[in-house]
Amino acid sequence: MSDFIKFLGTAGARVVVAKQLRASGGIWISMDDTNLLIDPGPGSLVRCWASRPKLDPTTLDAIILSHKHLDHSADINVMMEAMTVGGRHPKGVVLVPKDAVSGNDPVIYKYVRSYVSKIEKMKEKGTYQIGNLKIMTPIRHVHGVETYGLIIKGKKHRIAYITDTKYFKGLEKKYKCDVLIIGVLFPTPLHYDHLSVEEAKKVIKEIKAKTTILTHFGYRMIKAKPWVIAEELSRELKQKVIAARDGMRFSLP
Ligand SMILES: [Zn+2]
């Protein structure tokens, strides 16, 4: 099968997730014969098997958490079990911020940790090899818990994933890429740990990816119709900007 990004969910934040106004299964990337699952929120396992064609968790090479908030991490344990068939076939890397496995409120159960080949803790400016892909965590984000965005570098593509963060100066400098996935929670700035359209616009404009995909929508963003916002951004910036839909498969050319 050709390389692709599949959106198992596009929900952002509590209300949209709790009411499942959008699904919250995270993002599956298949590239250069390597399969990654990023941010398996509530329902990730169900969304994998409900996909058409189905996505089989035993084919995963890694599960990656950008941070431990529930909308990104709720299915991490069940996906670790699914990847390894209940621990019977240990495999795979789990790449997570330190606070997902240590401190007084880790999100990964101790008994599940032995199921996988390796649990790797992210750090700022980190580089990690997973299958044929290089994963980078260029900078720690400004968010409630330890949070990192990702660059996923393959033979032909460089994908950036800008997850939850309050806007900070220089954010856009860290994520040069040809495909940009960016979480846009609000239509207007609320200055509360997440990007709004206005702030995302600055970032998108500077990065100039060939394709930018908006995702992780909050309630007000959904009311404002993300596909309309994406069209407006495309026109204004003269760049290709699209809004992710639940189940959307983006083929990597
Ligand atoms: Zn968050």
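Taking the range 164-200 only, how many residues are within 16 Å of the ligand (Cβ to nearest atom) and not hydrophobic (A, V, I, L, M, F, W, C)?
Within the range 164-200, the subset within 16 Å of the ligand (Cβ to nearest atom) is 164-168, 171, 181-186, 190-196, 199-200.
From what's left, not hydrophobic (A, V, I, L, M, F, W, C): 164-167, 183, 191-194, 196, 199.
Residues in the range 164-200 being within 16 Å of the ligand (Cβ to nearest atom) and not hydrophobic (A, V, I, L, M, F, W, C): 11 in total.
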Taking the condition out of contact with any helix residue (DSSP H, G or I) (no Cβ under 8 Å at 6 or more places or on another chain), without any contact (Cβ under 8 Å) to a residue 24 or more places away in the chain and open to solvent by 20 Å² or more (accessible area, probe 1.4 Å), does Lys208 pass? no
Looking at this structure, is Tyr161 open to solvent by less than 30 Å² (accessible area, probe 1.4 Å) and either within 16 Å of the ligand (Cβ to nearest atom) or at pLDDT below 95 (or both)? yes
Please go through the range 56-79 and pick out each residue that is of a type in the set (A, V, I, L, M, F, W, C), closer than 10 Å to Leu45 by Cα and open to solvent by less than 10 Å² (accessible area, probe 1.4 Å). Ile76, Met79
Looking only at the range 39-55, count how many residues are touching a residue at least 60 places away in the same chain (Cβ under 8 Å) and touching a His at 6+ places or on another chain (Cβ under 6 Å). 1
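On the basis of being surrounded by 15 or more Cβ atoms within 10 Å (Cβ to Cβ) and either more than 20 Å from Phe168 (Cα to Cα) or of a type in the set (Phe, Trp, Tyr) (or both), does Ile229 make the cut?
Numbers: surrounded by 15 or more Cβ atoms within 10 Å (Cβ to Cβ): yes; either more than 20 Å from Phe168 (Cα to Cα) or of a type in the set (Phe, Trp, Tyr) (or both): yes.
Here the answer is yes, as Ile229 does meet what is asked.
Being open to solvent by less than 40 Å² (accessible area, probe 1.4 Å) and at pLDDT 95 or above is true for just one of Ile119, Ile108. Which residue is that? Can you show your working first?
Values: Ile119 fails: open to solvent by less than 40 Å² (accessible area, probe 1.4 Å).
Being open to solvent by less than 40 Å² (accessible area, probe 1.4 Å) and at pLDDT 95 or above holds for just one of Ile119, Ile108, which is Ile108.
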Looking at the range 14-27 only, could you name the residues that are surrounded by fewer than 22 Cβ atoms within 10 Å (Cβ to Cβ) and under 16 Å from Ser73 (Cβ atoms)? Arg14, Ala18
Report, by residue number, each residue of the range 167-186 that is among the hydrophobic types (A, V, I, L, M, F, W, C) and either within 28 Å of Arg14 (Cα to Cα) or touching a residue at least 40 places away in the same chain (Cβ under 8 Å) (or both). Phe168, Leu171, Val179, Leu180, Ile181, Ile182, Val184, Leu185, Phe186
Name, by its number, the condition in (1) surrounded by 21 or more Cβ atoms within 10 Å (Cβ to Cβ); (2) not in a helix (DSSP H, G or I) that does not hold for Arg88. (1)
Pull out all pairs, ordered by first then second residue, where Cβ-Cβ is under 8 Å, the residues are six or more apart or on different chains, the first lies in the range 56-75 and is closer than 14 Å to Tyr161 by Cβ and more than 16 Å from the ligand (Cβ to nearest atom), and the second is open to solvent by 40 Å² or more (accessible area, probe 1.4 Å) and of a type outside the set (Val, Ile, Thr). Ala62/Gly131
For the condition farther than 16 Å from Leu150 by Cα, among the hydroxyl-bearing types (Ser, Thr, Tyr) and either in contact (Cβ under 8 Å) with a residue 12 or more places away in the chain or open to solvent by 10 Å² or more (accessible area, probe 1.4 Å) (or both), what is the one hit in Ser2, Ser30? Ser2
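If you go through the range 91-101, how many residues are open to solvent by 40 Å² or more (accessible area, probe 1.4 Å) and in contact with a strand residue (DSSP E or B) (Cβ under 8 Å, 6 or more places away or on another chain)?
So the answer is 1.
The values are calculated or read from the model by the stated rules, or taken from the named source; none is laboratory data. In this text the structure is predicted, and so the values were computed from the model without any measurement. Quick reminder, even Gly has a Cβ in these numbers, built from the backbone with ideal geometry, and neighbours come from all protein chains shown. Surface areas here come from the heavy atoms of the whole protein model, side chains and all, with no ligands, DNA or RNA. Shrake-Rupley method; radii C 1.70, N 1.55, O 1.52, S 1.80 Å.
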